[in-house]
Structures are given as structure tokens and as C-alpha cells.
Amino acid sequence: MIDPIVIVSSNRLRTDVYTLARVTDEALRSIEVIDVKQVILRILDKQGEDPLEVIDEMVIEPVDSVVFDTLQLDELWQTPSAPDALGYNFRHVLLRPWETYALEWIAGHVIQLEYEFQREGKSSLWVVHDRELIRQVAD
């Protein structure tokens, strides 16, 4: 597994989890839509009874809804926490994960997001990161 990726993750409006990454192949070339057969997301509850158990798995379709042929530079990337000025070619939003997965709310509750980029005739590429969830607090 190679790891030449850059990730920015945020809790947009403190409810949804955004994952932005620059995904590259073995030659460090940014992947494009044509390179990816499908994207699979696996979610693990790191505070669950079995932190290695996948609590959900889904195919994200269509591929071109999350993978871009050109690097994106927008307000999501251009924040003080952005790692560079190059941009991202992968974006996914996990909507309200604590509601969807009925996660117990304890301080520092962490889920792991594992994105597998399957390619025809080549090994998969991965984006894997942990995300601490922050619950929306009503005013």
C-alpha cells in the first residue's frame, strides 16, 4: 500500500464528515476517473466492542461523483488547515454518521473511514483515516 496522499477532514456544520484527499498511483500521478473501477467505503467504530469490525460497507457510485480528473482548489481545501496549495482529486461526505450508525456519544468517539479505490488489473489504492466525531449542540 502506498501513502502519497494528503487528507483534510472536517465536521462541516459539526454534523457531516468531509474527506478530501489527493490520491496518486505508484508513479505518484494523480488518479483520474478512468483509473478507478469502483470506490468502496468501509466504516469501523474504533470505540465499539470490536474496533476491527466493519459496521458498514458501501460502494460509492458513480465514481465521477467523488473522483475528479483535475485537482480541485475550492473553499473546502483553502482553509488554514489545508496541507498545501495543490488541491484534491477525491471528495466524499459522510452525512450525520452518529445518527446513521447510532453511535454512542462519548468524548473522543472515533470512527475509521477506509476508502478502497479498485482498479482494473492493478492493486487497489487506499485512503484510510480516523475521524473524531463532534455532535451538533443545539443553541
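The values are calculated or read from the model by the stated rules, or taken from the named source; none is laboratory data. Computed from a predicted structure; not experimentally measured. Cβ: placed from backbone, ideal geometry, glycine included. Neighbour counts: every protein chain shown.
Points worth noting:
Residues are listed down the side, and each one gets a yes or a no for (1) over 12 Å from Val17 (Cβ atoms); (2) at pLDDT 65 or above:
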{"position": "His92", "(1), (2)": "no, yes"}
{"position": "Arg96", "(1), (2)": "no, yes"}
{"position": "Ala102", "(1), (2)": "yes, no"}
{"position": "Leu113", "(1), (2)": "no, yes"}
{"position": "Glu116", "(1), (2)": "yes, yes"}
{"position": "Ser124", "(1), (2)": "yes, yes"}
{"position": "Val128", "(1), (2)": "yes, yes"}
{"position": "Ile134", "(1), (2)": "no, no"}
{"position": "Ala138", "(1), (2)": "yes, no"}
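- Those residues of segment 5-49 which are loosely packed, with under 13 Cβ neighbours inside 10 Å and modelled with pLDDT under 75, in sequence order: Arg12, Leu13, Arg14
- Segment 33-47, residues that are touching a strand residue (DSSP E or B) at 6+ places or on another chain (Cβ under 7 Å), more than 15 Å from Val93 (Cα to Cα) and of a type outside the set (Lys, Arg): Val33, Asp35, Val36, Gln38, Leu44, Asp45, Gln47
- Contact map, segment 46-57: first residue of a type outside the set (Val, Ile, Thr), second residue surrounded by 11 or more Cβ atoms within 10 Å (Cβ to Cβ) and part of a loop (DSSP other than H, G, I, E, B), Cβ cut-off under 9 Å, separation 6 or more or different chains; pairs are Lys46/His109; Gln47/Leu103; Gln47/His109; Gly48/Leu103; Asp56/Tyr101.
- Pair list, Cβ under 9 Å, 6 or more apart: segment 78-94 residue crowded, with 18+ Cβ neighbours inside 10 Å, other residue of a type in the set (Lys, Arg): Gly87/Arg22; Tyr88/Arg22; Asn89/Arg22; Phe90/Arg22; Leu94/Arg131
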